[in-house]
Amino acid sequence: MDANNPKLLERVREAIRTRHYSRRTEEAYVYWLRRFIVFHGKKHPSDMGAAEIGAFLTWLAVRRSVSASTQNQALSAILFLYRDVLRVDPGAIEHVPRAATPVRVPVVLSVAEVRAVLGHLEGVCRLAASLMYGAGLRLQECLELRVKDIDFERSEIVVRRGKGQKDRRTVLPERVREPLVAHLDVVRRGHQRDLAAGFGRVVLPFALDRKYPNAASEWVWQFVFPASRICRDSRYGPPSRYHLHESVIQRAVASAARRAGLAKRVSCHTLRHHADCRIMPMRKWASSIKLSFSLADDVGALVHAA
């Protein structure tokens, strides 16, 4: 069969979208399914089973030396194809070497080191990093924020479909408020230019554009960190603007750490981890004595201090 078989892969995409999986998951699953099919000489998956799946996973671990998370992602994609698209049981997948999972000690930064990293960031990347550090956002949670998720009056941020597909509220650091307002003003002007040019749509979750056809063009649904270009891929509907790609922030943070002279493996998650260390103990304390108060000033005290 053709590894780019539109019928099979479109069925996969449709099944993924029906379950409201992210676009990243969709692209990753389709990528691994193509690799799986090509590995077995473009044989149709319905003519393969556990033995072929095991051979592919073994090749990934032994010959390609992929990480455990990569091997698991490939397995998840293949199992999704068989169980949710082809509706067949591929059988028990046995005797597959598992890719080694590295055990790393969490990277800990001092206050001065955090300031140094933030000080070597500029513009959108600095604002996103400040939100991850001050509000405890994961990178993808930060990039998927929409205008309506920011509550300036209550100094809160609503995180939609976070880890475990759960919503939660977190703090809006006071030190981020002013630069965030200025940033959203720039984004609004860009959105108005898009509307004037006949665009202005944004991708909506859970196919809400079918229920509310005008919502995709409304300001409140726009991404806080929009991509610089409009996506014109017909597979995803009308031309729309997605959020900024995560690699932009990842590269910026890594580069900032190097320029700051830090001999540590600093990532976006490192910044988020520091927020957890500050916010979670205070949340537990507040809950235990049943107090309701804002943590925004406290957790945001160092953000933009550089």
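Some notes on this structure:
- Val186 being closer than 19 Å to Cys125 by Cα, surrounded by fewer than 13 Cβ atoms within 10 Å (Cβ to Cβ) and of a type in the set (Val, Ile, Thr): yes
- Looking only at segment 201-226, and only at residues there that are out of contact with any strand residue (DSSP E or B) (no Cβ under 6 Å at 6 or more places or on another chain) and closer than 23 Å to Gly123 by Cβ, the one that is surrounded by the most Cβ atoms within 10 Å (Cβ to Cβ): Val224
- Within this structure, Arg210 fails the test of being in a helix (DSSP H, G or I) and in contact (Cβ under 8 Å) with a residue 40 or more places away in the chain.
- Note on segment 1-112: enclosed helices (runs of 4 or more DSSP H) holding 3 or more residues that are touching a residue at least 60 places away in the same chain (Cβ under 8 Å) and among the hydrophobic types (A, V, I, L, M, F, W, C) are 6-18.
- Residue satisfying condition, being under 20 Å from Glu246 (Cβ atoms) and out of contact with any Asp or Glu (no Cβ under 8 Å at 6 or more places or on another chain), within set Ala99, Ala129: Ala129
- Checking each residue in segment 41-51 for being at negative phi and either within 31 Å of the chain's Cα centre (by Cα) or surrounded by fewer than 17 Cβ atoms within 10 Å (Cβ to Cβ) (or both) picks out Lys43, His44, Pro45, Ser46, Asp47, Gly49, Ala50, Ala51.
- Sole exception among (1) without any contact (Cβ under 8 Å) to a residue 24 or more places away in the chain; (2) within 23 Å of Arg259 (Cβ to Cβ); (3) of a type in the set (A, V, I, L, M, F, W, C) for Ala182, by number: (2)
- Selected residue [touching a Phe, Trp or Tyr at 6+ places or on another chain (Cβ under 8 Å) and not acidic (Asp, Glu)] from Arg19, Arg23: Arg23
- All conditions but one from (1) at pLDDT 95 or above; (2) within 22 Å of Arg19 (Cα to Cα); (3) hydrophobic (A, V, I, L, M, F, W, C) apply to Ala252; the one that does not is (2).
- Lone qualifier among Ser217, Ser294 - being polar (S, T, N, Q), over 22 Å from the mean Cα position of the chain (by Cα) and either modelled with pLDDT of 90 or more or not assigned by TED's automatic domain parsing to the domain that holds Arg154 (or both): Ser217
- Of all residues in segment 90-149 being surrounded by fewer than 18 Cβ atoms within 10 Å (Cβ to Cβ) and of a type in the set (Lys, Arg), the one that is nearest to Ser267 (Cα to Cα): Arg138
- Evaluation of Ser155 against (1) on the phi > 0 side of the Ramachandran plot; (2) free of Cβ contacts under 8 Å to residues at least 12 places away in the same chain (one fails), failing number: (2)
- Hey, Asp194 in contact with a strand residue (DSSP E or B) (Cβ under 9 Å, 6 or more places away or on another chain) and crowded, with 17+ Cβ neighbours inside 10 Å or not: yes
- Some residue of segment 92-101 being polar (S, T, N, Q) and out of contact with any Gly (no Cβ under 9 Å at 6 or more places or on another chain): yes
- Every residue from segment 52-89 that is within 19 Å of Val12 (Cβ to Cβ), touching a helix residue (DSSP H, G or I) at 6+ places or on another chain (Cβ under 6 Å) and either among the small types (Gly, Ala, Ser) or surrounded by fewer than 15 Cβ atoms within 10 Å (Cβ to Cβ) (or both): Ala74, Ala77, Asp84, Val88
- Every test in (1) surrounded by 13 or more Cβ atoms within 10 Å (Cβ to Cβ); (2) over 19 Å from Glu144 (Cα atoms); (3) at pLDDT 90 or above; (4) of a type in the set (D, E, K, R) is passed by Arg278 save one, and that test is (3).
- Against the numbered list (1) under 26 Å from Arg161 (Cα atoms); (2) at pLDDT below 85, Leu79 comes up short only at (2).
- Residue in segment 152-181 that is modelled with the lowest pLDDT, counting only those that are under 21 Å from the mean Cα position of the chain (by Cα) and exposed (fewer than 15 other Cβ atoms within 10 Å of the Cβ): Gly164
The values are calculated or read from the model by the stated rules, or taken from the named source; none is laboratory data. Computed from a predicted model, the values in this text were never measured in an experiment. Note that each Cβ is placed from the backbone with ideal geometry, even for glycine, and that neighbours are counted across all protein chains shown.
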